[in-house]
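The values are calculated or read from the model by the stated rules, or taken from the named source; none is laboratory data. This structure is a prediction, so every number in the text was calculated from the model and none was measured. Cβ coordinates were reconstructed from backbone atoms using ideal geometry, including for glycine residues, and neighbour counts include every protein chain displayed. Note: accessible area is taken over every heavy atom of the protein model, side chains too, but ligands, DNA and RNA are not part of it. Shrake-Rupley method; radii C 1.70, N 1.55, O 1.52, S 1.80 Å.
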Amino acid sequence: MTNTWWSGAVVYQVYPRSFFDSNSDGIGDLAGVQAKLPYLKSLGVDAIWLSPFYPSPMCDSGYDISNPRDVDPSLGTLNDFDSLIAHAHETSIRVIVDVVPNHVSREHKWFHEALASPPNNKERKRFHFRDGTSDGPPNNWISVFGGPAWTQVTEPDGTPGQWYLHLFDSGQPDVNWTNQEVIDDFDATLRFWLDRGVDGFRVDVALALAKDMSYANREQPQKLVDAIRLDLYDPENPEASREVREFLIDSPIFDRDEVHDYLRHWREILGSYQGDRFAVAEAWAYPTERAMEYARSLGQVFNFDFMVVPFNAETLHVTAKRIITNAIEFHASPTWVLSNHDNARVATRYGGGAEGLAKARAMALVCATLPGSMYIYQGDELGLGDGFVPPESRIDPIWQRSGQTNPGRDGCRVPIPWQSQEANFGFSTADKLWIPQDASWTPIAADLQESDPHSTLNLYRQMLTLRHDHPAWNDSMAATDLTLDGSLWFIERAHHVICVLNSGSETVAIDVEGRVLIASNPEAQEWEDLASQTHMVSLPANSAVIIEKNSQPNPQVEI
Ligand code: GLC
Ligand code: CA
């Protein structure tokens with residue numbers, strides 16, 4: 001594996017609408033991201049990933065794009081984008097942007113053209129249009145967000161007409177990747193942003209582009225989409241999880257081999273630009289080897305396992321070992337993800353409250369120590385949990401499409417609390433925010449964390465400074481030894497630093513030949529045991545420390 005900047009990068013995911021509002025309309029924007037660059041610099045991230053900021057009618061919070069080569073007026077202008085990227089680069093922060101190849105918005109000009117054309121015209125062949133059957137839709141496939149994966153259109157002459165395929169919301173028609181025009185247009189999008197200086201892309205649902213275009217009915221259609229649902233993956237019950245994931249084998253919609261042709265082609269485009277541009281694929285493939293194929297074709301893939309497995313040393317150890325072994329085999333770099341805009345925040349997933357936060361802080365040290373790259377979702381560095389969003393304020397289409405049974409993803413998209421004493425916690429001076437904030441957040445607002453040496457914000461800063469400056473991290477894939485001892489998990493890098501996680505419920509004393517560089521729990525203590533002449537560290541339950549050993553770093557050996 002070559003040591004590119006991105007194979008060991010710390011990438012911070014900005015969800016622009018919820019980051020910082022610069023013009024008082026209640027919606028975060030690109031100028032708001034620019035205004036917070038000093039904060040991101042002081043945090044110590046290498047790159048930011050911007051979730052979609054393109055023109056969108058917002059059926060799926062911007063993942064329904066009506067023009068992929070422009071900026072939505074509510075988020076700013078192309079000039080704002082150019083300014084953001086120039087300022088980010090000035091402060092040595094790289095910028096990657098989200099691209100959405102699987103679908104466009106129903107307001108995209110192509111879809112308008114398709115609706116205005118008769119069936120079978122070339123304008124319809126950019127999408128998956130089919131005639132219905134006597135039962136209604138062309139087949140029994142289901143949308144990931146709930147309900148049928150097909151919606152019927154009205155023909156130009158006013159009669160009820162054909163149906164179009166949408167794996168997500170009906171506002172997100174899937175495009176047809178066997179159509180050269182679709183391929184060429186996506187190339188144009190990549191080049192448009194590469195020419196503007198982006199350092200890379202996060203590729204949305206990269207595993208869904210190719211479809212079985214015989215569109216045959218499937219026996220258990222719900223299982224086809226459940227196969228990529230994170231909440232149905234039960235790491236305590238691998239057999240049941242395997243059954244869920246097995247619907248990815250020979251799936252008509254996900255992880256089909258043809259997908260990789262498209263990815264390899266994009267990688268060539270990236271390679272034709274100077275400066276190590278890269279892309280990371282969102283691909284909920286299974287097993288890990290299957291996911292790693294996306295890294296082989298494209299460069300990098302998200303390893304989402306840490307968003308799923310419980311806080312348990314043994315499970316984490318087995319999971320990380322598998323990911324690292326696979327990554328080495330595929331000449332890829334692992335990626336560690338604790339939260340994103342689609343899932344409950346890590347502190348909430350670990351049970352919330354003080355214990356959830358303690359575990360989330362410990363896992364931050366674990367991810368920062370592991371080889372490869374670390375993705376941080378905005379607000380995790382403040383230890384935020386999901387905000388409560390009342391039903392009447394819910395925006396996510398999952399809420400409506402599930403018949404109001406699944407609250408959806410708004411809780412992890414609540415705007416960031418910057419200032420404890422200001423209206424809207426300093427996120428915006430508007431009367432109303434696009435998603436309301438959580439009134440209980442006062443004590444964890446960023447300004448209060450600035451001055452508290454033990455705050456999660458300062459823990460992240462110290463941790464990222466350490467990762468940046470310490471020689472053990474010089475080589476992002478340097479030797480890694482993983483060892484399990486009951487509820488203790490040891491991650492040793494370059495034979496020189498060790499992260500120790502205690503997932504048990506008791507404080508444990510460990511003897512180490514070295515000193516603690518950073519502790520997730522300030523109650524972790526070091527002392528000399530005079531009788532045995534050893535240096536001891538007491539590690540509280542649900543916490544982690546990073547220890548520097550007395551030996552010199554030796555990054556030469558691969559795991
Ligand atoms: C990805 C995005 C998610 C979006 C979906 C459809 O999974 O992360 O937010 O809803 O794709 O574009
Ligand atoms: Ca705004």
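Tally time: how many residues in region 452-480 are over 18 Å from S373 (Cβ atoms) and at pLDDT 95 or above?
10
Report, by residue number, each residue of region 70-107 that is touching a Ser or Thr at 6+ places or on another chain (Cβ under 8 Å), part of a loop (DSSP other than H, G, I, E, B), within 16 Å of ligand 1 (Cβ to nearest atom) and not small (G, A, S).
Residues of region 70-107 that are touching a Ser or Thr at 6+ places or on another chain (Cβ under 8 Å), as a first pass: 71-72, 98-99, 104-107.
Retained after the next criterion (residues that are part of a loop (DSSP other than H, G, I, E, B)): 71-72, 104-107.
Then drop every residue that is not within 16 Å of ligand 1 (Cβ to nearest atom), which leaves 72, 104-107.
Residues satisfying the conditions are D72, V104, R106, E107.
Which members of region 514-538 meet the condition of being free of Cβ contacts under 8 Å to residues at least 24 places away in the same chain and not in a loop (DSSP other than H, G, I, E, B)? Explain how you work it out, then say what you get.
Narrowing region 514-538 to residues free of Cβ contacts under 8 Å to residues at least 24 places away in the same chain: 523-534.
Selection gives Q525, E526, W527, E528, D529, T534.
Filter region 507-523 for residues that are polar (S, T, N, Q) and in contact with a Lys or Arg (Cβ under 9 Å, 6 or more places away or on another chain); which is least open to solvent (accessible area, probe 1.4 Å)?
Looking at residues that are polar (S, T, N, Q) and in contact with a Lys or Arg (Cβ under 9 Å, 6 or more places away or on another chain), I get S520.
Report, by residue number, each residue of region 126-148 that is part of a loop (DSSP other than H, G, I, E, B), touching a residue at least 40 places away in the same chain (Cβ under 8 Å) and of a type outside the set (S, T, Y).
H128, P138, N139, N140, W141, V144, F145, G146, G147
Being of a type outside the set (D, E, K, R) and either at pLDDT below 95 or surrounded by fewer than 24 Cβ atoms within 10 Å (Cβ to Cβ) (or both) narrows it down to one residue among I376, I398; which is it?
None of the others qualify; the one that does is I398.
Pairs under 6 Å by beta carbon, first residue open to solvent by 60 Å² or more (accessible area, probe 1.4 Å) in region 66-91, partner more than 16 Å from ligand 1 (Cβ to nearest atom), six or more apart or different chains?
R69/F192; T77/V71; H87/Q34; H87/L37
Considering only residues of region 15-69 that are within 15 Å of ligand 1 (Cβ to nearest atom) and of a type in the set (A, V, I, L, M, F, W, C), which is nearest to F186 (Cα to Cα)?
I65
Being within 18 Å of S51 (Cα to Cα) and open to solvent by 10 Å² or more (accessible area, probe 1.4 Å) is the filter here; which residues of region 173-190 pass it?
F186
Suppose we keep only residues that are more than 17 Å from A210 (Cα to Cα) and either in contact (Cβ under 8 Å) with a residue 24 or more places away in the chain or in the same structural domain as W266 (by TED's automatic domain parsing) (or both) within region 155-172. Which one would you say is surrounded by the fewest Cβ atoms within 10 Å (Cβ to Cβ)?
Just the residues of region 155-172 that are more than 17 Å from A210 (Cα to Cα), to begin with: 155-163, 169-171.
Checking which are either in contact (Cβ under 8 Å) with a residue 24 or more places away in the chain or in the same structural domain as W266 (by TED's automatic domain parsing) (or both) leaves us with 155-156, 161-163, 169-171.
Numbers: E155: 15, P156: 11, G161: 18, Q162: 22, W163: 22, D169: 25, S170: 20, G171: 22.
Checked region 155-172; the qualifying residue surrounded by the fewest Cβ atoms within 10 Å (Cβ to Cβ) is P156.
In region 212-227, how many residues are within 15 Å of ligand 1 (Cβ to nearest atom) and open to solvent by less than 20 Å² (accessible area, probe 1.4 Å)?
2
For P52, only one of the following conditions fails: (1) away from ligand 2 (no atom under 15 Å from the Cβ); (2) assigned to a helix (DSSP H, G or I); (3) under 20 Å from V414 (Cβ atoms). What is its number?
P52 satisfies all of (1) away from ligand 2 (no atom under 15 Å from the Cβ); (2) assigned to a helix (DSSP H, G or I); (3) under 20 Å from V414 (Cβ atoms) except (2).
I'm trying to understand the selection: among the residues of region 407-426, which are surrounded by 14 or more Cβ atoms within 10 Å (Cβ to Cβ) and more than 16 Å from H341 (Cβ to Cβ)? Lay out the reasoning, then the answer.
Taking region 407-426 as the starting set, the residues that turn out to be surrounded by 14 or more Cβ atoms within 10 Å (Cβ to Cβ) are 407-420, 422, 424-426.
Within region 407-426, P417, W418, Q419, S420, E422, N424, F425, G426 qualify.
Just name the residue that is nearest to R413 (Cα to Cα) out of those in region 15-49 that are touching an Asp or Glu at 6+ places or on another chain (Cβ under 8 Å) and away from ligand 2 (no atom under 11 Å from the Cβ).
Only one residue fits best here, namely W49.
Considering region 228-270 alone, what residues qualify as being more than 17 Å from A206 (Cα to Cα) and open to solvent by less than 10 Å² (accessible area, probe 1.4 Å)?
The answer is S241, and nothing else.
Could you say which residue among R124, R130 is buried (at least 21 other Cβ atoms within 10 Å of the Cβ) and either within 16 Å of ligand 2 (Cβ to nearest atom) or at pLDDT 95 or above (or both)? Steps first, answer last, please.
Details: R130 fails: buried (at least 21 other Cβ atoms within 10 Å of the Cβ).
Answer to the check: R124.
If you take the residues of region 375-398 that are aliphatic (A, V, I, L, M) and out of contact with any Gly (no Cβ under 9 Å at 6 or more places or on another chain), which of them is nearest to Q300 (Cα to Cα)?
Out of the qualifying residues, it is I376.
Would you please name the residue that is farthest from ligand 1 (Cβ to nearest atom), looking only at residues in region 169-184 that are among the aliphatic types (A, V, I, L, M) and in a helix (DSSP H, G or I)? Walk me through how you get there before you give the answer.
Step one: list which residues in region 169-184 are among the aliphatic types (A, V, I, L, M), which gives 175, 182-183.
Subset that is in a helix (DSSP H, G or I): 182-183.
Details: V182: 16, I183: 19 Å.
Within region 169-184, the match that is farthest from ligand 1 (Cβ to nearest atom) is I183.
Being out of contact with any His (no Cβ under 8 Å at 6 or more places or on another chain) and within 16 Å of ligand 2 (Cβ to nearest atom) narrows it down to one residue among I416, I376; which is it? Write out each step before concluding.
Numbers: I376 fails: within 16 Å of ligand 2 (Cβ to nearest atom).
On inspection, the qualifying residue turns out to be I416.
Answer yes or no as to whether S339 is under 23 Å from A283 (Cα atoms), more than 16 Å from ligand 1 (Cβ to nearest atom), open to solvent by less than 10 Å² (accessible area, probe 1.4 Å) and among the small types (G, A, S).
No, not satisfied.
Take the residues of region 479-506 that are part of a loop (DSSP other than H, G, I, E, B) and hydroxyl-bearing (S, T, Y): which is least open to solvent (accessible area, probe 1.4 Å)?
Ranking the qualifying residues of region 479-506, first place goes to S503.
Restricting attention to region 133-145, which residues are open to solvent by 20 Å² or more (accessible area, probe 1.4 Å) and either within 23 Å of S56 (Cβ to Cβ) or assigned by TED's automatic domain parsing to the domain that holds H265 (or both)?
Passing the criteria: only V144.
List the helices (runs of 4 or more DSSP H) that sit entirely inside region 324-428 and contain at least 2 residues that are under 30 Å from A149 (Cα atoms).
Because the criterion is at least 2 residues that are under 30 Å from A149 (Cα atoms), the helices (runs of 4 or more DSSP H) in region 324-428 that meet it are 397-401.
In region 278-291, which residue that is modelled with pLDDT under 95 and not in a loop (DSSP other than H, G, I, E, B) is surrounded by the fewest Cβ atoms within 10 Å (Cβ to Cβ)?
E289
Where residues in region 192-211 are part of a loop (DSSP other than H, G, I, E, B) and over 20 Å from R245 (Cα atoms), which of them is nearest to ligand 1 (Cβ to nearest atom)? Outline the logic, then answer.
In the first step, residues of region 192-211 are kept if they are part of a loop (DSSP other than H, G, I, E, B); the result is 196-199, 204-205, 209-211.
From what's left, over 20 Å from R245 (Cα atoms): 196-199.
Details: R196: 22, G197: 24, V198: 18, D199: 20 Å.
That would be V198.
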